[in-house]
6 protein chains.
Amino acid sequence: MPTIRVELFEGRTVEQKRALAAALTEATVRTLGGSPGSVDILFFDIAKHDWATGGTLWSDPPPPGG
Amino acid sequence: MPTIRVELFEGRTVEQKRALAAALTEATVRTLGGSPGSVDILFFDIAKHDWATGGTLWSDPPPPGG
Amino acid sequence: MPTIRVELFEGRTVEQKRALAAALTEATVRTLGGSPGSVDILFFDIAKHDWATGGTLWSDPPPPGG
Amino acid sequence: MPTIRVELFEGRTVEQKRALAAALTEATVRTLGGSPGSVDILFFDIAKHDWATGGTLWSDPPPPGG
Amino acid sequence: MPTIRVELFEGRTVEQKRALAAALTEATVRTLGGSPGSVDILFFDIAKHDWATGGTLWSDPPPPGG
Amino acid sequence: MPTIRVELFEGRTVEQKRALAAALTEATVRTLGGSPGSVDILFFDIAKHDWATGGTLWSDPPPPGG
């Protein structure tokens, strides 16, 4: 507790995830208290063709005037 | 807002996901109002051996009489 | 299959959810095929103080120039 | 993008969530780059009787020697 | 590790959740090995009007012939 | 109903998942009643570099004294 689940576009390196895990854990403990060991973080890589906003896949060009 | 997360058997094409993202976004805006840009959709491909119903993996033959 | 999870701001009526469930199911079957009975939809009401964008809770006034 | 979902024991105040949302957003932008506006954070309050570790609900006394 | 998330219709008692948490933890350790303490289980109560199958909310009467 | 989602370190075999699906379904039906066919189970393989506890990725050596 707490468990933090991060969905982000695929392509981030392990180094970025290492840094983000440390930063999110630090931010959580600083803000809520508790021990770092109680914080779990999971990363979910999402391909751009698996994420749509406004009905358009992020792997597609934005609609004209979009 | 809203965020829609779709878990579906792996194997769908990007074209199908493009069409489904557009259709789900249109259905959401038509029903709830709001702008398409406020709707996020994420697709999660699930392998048949990672989904079980009735205790049986979908990659396995259904139990006799199942 | 598929399973669709919808996170939306709390406050929608059961009638809106009924309409949205029907519309999302129809859009899914129309786009992917399959039977309506194979589509599950779950709604998760999110309070505005439980959703932040840009570091600001939606229950708070937007930052100046935000 | 990214979307961060935080499951934590119920009981935190809106002020704590406000601070945590800001801290997690800052940590994410600092580490991954991108704009704060692209970061969404959702909080899910979990009752202690809805979270078990080691087969024991957190609302229950830990097993002897636990 | 592993983390198990259970979505079920609201209305189950804490006793049922206590028993289910123990049973799921035992089944997981028996099958995968590892220690019970490494298994986390979270329960999510879903109202019948927040779950639809076949386009129909579970709080509604099934469609004729449904 | 219910739907059970299992996040576990990647590397488990289909045989282990088959056994776990059966064991979790049996445990759920034994404890809550209902039919096995109403229980859905989804497995999510998580790479060790995508899971952090205490700010450290499970793919990394534990911190000294960790």
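Bear in mind these aren't lab numbers, they're just calculated from the coordinates by the rules spelled out. In this text, all values refer to a predicted model and were calculated from it rather than measured experimentally. Cβ coordinates were reconstructed from backbone atoms using ideal geometry, including for glycine residues, and neighbour counts include every protein chain displayed.
Residue by residue, here is whether (1) facing another protein chain (nearest Cβ under 7 Å); (2) surrounded by fewer than 18 Cβ atoms within 10 Å (Cβ to Cβ); (3) over 24 Å from residue A:45 (Cα atoms); (4) polar (S, T, N, Q) holds:
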residue	(1), (2), (3), (4)
B:8	yes, no, no, no
B:11	no, yes, no, no
B:16	yes, yes, no, yes
B:32	yes, no, yes, no
B:46	yes, no, no, no
B:53	yes, no, yes, yes
Which members of the range E:1-53 meet the condition of being β-branched (Val, Ile, Thr) and under 28 Å from residue C:2 (Cβ atoms)?
E:3, E:4, E:6, E:28, E:31, E:39, E:41, E:46, E:53
Criterion first (polar (S, T, N, Q) and either surrounded by 19 or more Cβ atoms within 10 Å (Cβ to Cβ) or within 24 Å of residue C:1 (Cβ to Cβ) (or both)) does residue F:59 satisfy it?
no
Which strands (runs of 3 or more DSSP E) sit wholly inside chain F and have at least 3 residues that are more than 14 Å from the chain's Cα centre (by Cα)?
none
I'm told residue F:22 meets every condition in (1) buried (at least 19 other Cβ atoms within 10 Å of the Cβ); (2) among the small types (Gly, Ala, Ser); (3) closer than 22 Å to residue A:23 by Cβ except one. Can you identify the failing condition by its number?
(3)
Could you please let me know if residue D:6 is of a type outside the set (S, T, N, Q) and more than 19 Å from residue A:29 (Cβ to Cβ)?
no
Of all residues making up the range C:34-44, the number that are surrounded by 23 or more Cβ atoms within 10 Å (Cβ to Cβ), aliphatic (A, V, I, L, M) and within 20 Å of residue C:10 (Cβ to Cβ):
1
State all residues of the range B:20-66 that are aromatic (Phe, Trp, Tyr) and under 16 Å from residue A:53 (Cβ atoms); if no residue qualifies, say none.
B:43
